[in-house]
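Each remark here refers to the structure printed beneath this line.
Read-outs: derived from the displayed coordinates by stated rules, not from any lab. Since we're looking at a predicted model, the values are computed, not measured. Note that we place each Cβ from the backbone using ideal geometry, even for glycine, and neighbour counts take in every protein chain shown.
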């Protein structure tokens, strides 16, 4: 069985993605910052008969949390088949959707791609 870790999967798009991945035959590691909310999401899926799922506590804004999640998954499987980075983090600067420019984004965060 293929495996997938989905961050931010305890609600919304992440939850629906987890549901569809289970239905497609994957074993889902449901990533959630909050263990209680993660467990609630897992129980909702199990109540629908979708049992190939377990919660993994992971806060993508914390290196320690990411390392702990990696270690926990590593005790269960040798490799992960799919990683879906669904969780979002807000940047360290004020953001206004209407006033945001690419220059503001570049100045407020490290570059992702180099310009050619």
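I'm a student and want to see the number: the projected area of the Cα convex hull of region 3-87, averaged over all directions, in nm².
4.8 nm²
Give me the one-decimal nm value for the distance between modelled label points at residue 76 and residue 1, 7 Å along each residue's Cα-to-Cβ direction.
Output for this residue pair reads 1.0 nm.
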